[in-house]
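The values are calculated or read from the model by the stated rules, or taken from the named source; none is laboratory data. Source: prediction; values computed, not measured. Virtual Cβ from ideal backbone geometry, glycine too; neighbours counted across all protein chains shown.
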There are 2 protein chains.
Amino acid sequence: MSRRRRNAARESKLPPPEDGEPRLSRASVGRFSLYLRHLQQFAREGLPTVSSGQLGLALGKTDVQVRKDLAYLGHLGQAGVGYQVQPLISALRHTLGIDREWKVAVAGVGNLARALLRYRGFGAQGFRIVALFDADAAKVGQSVDGLAVHAPADMTQVIADSGAELGIITVPSEAAQGVAEALAAAGIHGLMNFAPVVLRLPAHVSVINVDLAIQLEQLAFLVHLAASER
Amino acid sequence: MSRRRRNAARESKLPPPEDGEPRLSRASVGRFSLYLRHLQQFAREGLPTVSSGQLGLALGKTDVQVRKDLAYLGHLGQAGVGYQVQPLISALRHTLGIDREWKVAVAGVGNLARALLRYRGFGAQGFRIVALFDADAAKVGQSVDGLAVHAPADMTQVIADSGAELGIITVPSEAAQGVAEALAAAGIHGLMNFAPVVLRLPAHVSVINVDLAIQLEQLAFLVHLAASER
DNA sequence: GGATGTGAACGACTTCACAGCG
DNA sequence: CGCTGTGAAGTCGTTCACATCC
């Protein structure tokens, strides 16, 4: 391999080094969603404020880590009191970019797609599935949970009309790369990929891979490890 | 919060520091499954050996990182040649603890469970779903993909008979903690949890959380970030 | 007292640079 | 040469210790 050639994955750079301050880390962002989840729970319970210790306890993180993470959002905490729940929720949603609705297209209408359609968690966070695609002619034209299934050939048109910006790929592995390219070409900016393949796409398309077999393997490893230590 | 009290999550410790050598890192383990996936692909294509550069390229990692990770498995590489695919696959499967069959029970028979049942990726890696549970009396007794749906009350018996060691939770959030405890009490050692809650379980039960809304939020963040940089 | 915010120490992970082998 | 393996350096992330504020 030629020296000094960077063949590593383009990883979407985090924020511009910016002027000089707290520096948003990728690890923190990964926890923001989790904080948000629990804060929403606290809000439902009517708590007006929460301390870094309480939040950390609910999540299995230390109080210091919670404070370090939250520090990025600005000085939202009050010494001796804690953080006000509602402003913190707003700040997190703003930083994550989910203080608005995101429209989502789903390619591949199988059981997984059906499960996603009925999953309340998406809607609760502002995600709305607005378009379905499937290559199976028998499925095209059908309606699933009130949404019409479209043919891949109509993708560009349907995506444009629906305003979808994100895509979820639940097609078989073999078809995933092609479908991903089609979605990208149709103007989708981010893809959640359930197919166990590494997608190759232009740099302006973000991808999150959700490989369930890999997750299960990691679980097996943990159990295997625990067993071998006993 | 009292000083010096460790309220952080119990994270399953990695290997004992061991005698003196390569030290398996959590990050490496997270990539092992990915390596395995691609090696299996290379094997299907009939490649006898593969270099760290090739593997890295296929995965978006650097060649050095691949070598560092693989070094833990022992001296499997041949200088000037690369790694033999089959021995490497065996070593990875052995280290991950998946060089055998793992039996899995699924609690909550909805669309997601159905999708998992039909997902070929599990079987391909040696996972076999052997038991289904659902609290809905209307579903109990039914058969899904040839598997009977059992009542939660029969959990201990059915788990014991089936030999399941891992569990997948696809029940609604409210029910997740209770179901998790029941599965743990029935002898399950590891749980893959799809419900968006943090499960509290005895330390000997490993948990992997798969929160799809969080994943989608992370995707939205990436897209949001990319857009704000343009 | 009870909390936040943060430099500094520490540790984990990645990348560099290069020795060594086939 | 091409490619592996690995100390050393560098970067990123977490934890500690403590100043500070209500």
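Listing for the model above:
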quantity: The lone exception for B:VAL104 - which of (1) closer than 30 Å to B:SER162 by Cβ; (2) within 16 Å of DNA strand D (Cβ to nearest atom) it fails; calculated: (2)
quantity: Selection count, the range B:133-153, where residues are closer than 14 Å to B:GLY108 by Cα and out of contact with any Asp or Glu (no Cβ under 9 Å at 6 or more places or on another chain); calculated: 12
quantity: Only listed residue being at pLDDT below 95, buried (at least 17 other Cβ atoms within 10 Å of the Cβ), assigned to a helix (DSSP H, G or I) and within 14 Å of chain A (Cβ to nearest Cβ), chosen from B:ALA184, B:ALA226, B:ALA180; calculated: B:ALA226
quantity: Qualifying residues in the range B:49-69 (those that are among the aliphatic types (A, V, I, L, M) and touching a Phe, Trp or Tyr at 6+ places or on another chain (Cβ under 9 Å)) - the one nearest to DNA strand C (Cβ to nearest atom); calculated: B:VAL66
quantity: Residue ID - surrounded by the fewest Cβ atoms within 10 Å (Cβ to Cβ), chosen from residues in the range A:56-84 that are within 13 Å of chain B (Cβ to nearest Cβ) and touching a strand residue (DSSP E or B) at 6+ places or on another chain (Cβ under 8 Å); calculated: A:ARG67
quantity: Failed item, numbered, when B:GLY46 is tested on (1) away from chain A (no Cβ under 13 Å); (2) in contact with a strand residue (DSSP E or B) (Cβ under 6 Å, 6 or more places away or on another chain); (3) more than 15 Å from DNA strand C (Cβ to nearest atom); calculated: (2)
quantity: Condition met for B:ALA148 (farther than 19 Å from B:LEU199 by Cα, touching a helix residue (DSSP H, G or I) at 6+ places or on another chain (Cβ under 8 Å) and either surrounded by fewer than 19 Cβ atoms within 10 Å (Cβ to Cβ) or at pLDDT 95 or above (or both)); calculated: no
quantity: Close pairs from the range B:69-83: first at positive phi, partner of a type in the set (S, T, N, Q), Cβ under 8 Å, at least 6 apart; calculated: B:GLY82/B:THR49; B:GLY82/B:SER51; B:GLY82/B:SER52; B:GLY82/B:GLN54
quantity: Unique match (being modelled with pLDDT of 95 or more and within 19 Å of the chain's Cα centre (by Cα)) among A:ASN209, A:ASN111; calculated: A:ASN209
quantity: Selection from the range A:157-202 of residues that are in contact (Cβ under 8 Å) with a residue 60 or more places away in the chain and under 16 Å from the mean Cα position of the chain (by Cα); calculated: A:ALA164, A:GLU165, A:LEU166, A:GLY167, A:ILE168, A:ILE169, A:THR170, A:ILE188, A:PHE194
quantity: Selected residue [surrounded by 16 or more Cβ atoms within 10 Å (Cβ to Cβ), in contact with an Asp or Glu (Cβ under 9 Å, 6 or more places away or on another chain), among the aliphatic types (A, V, I, L, M) and in a loop (DSSP other than H, G, I, E, B)] from B:VAL104, B:VAL109; calculated: B:VAL109
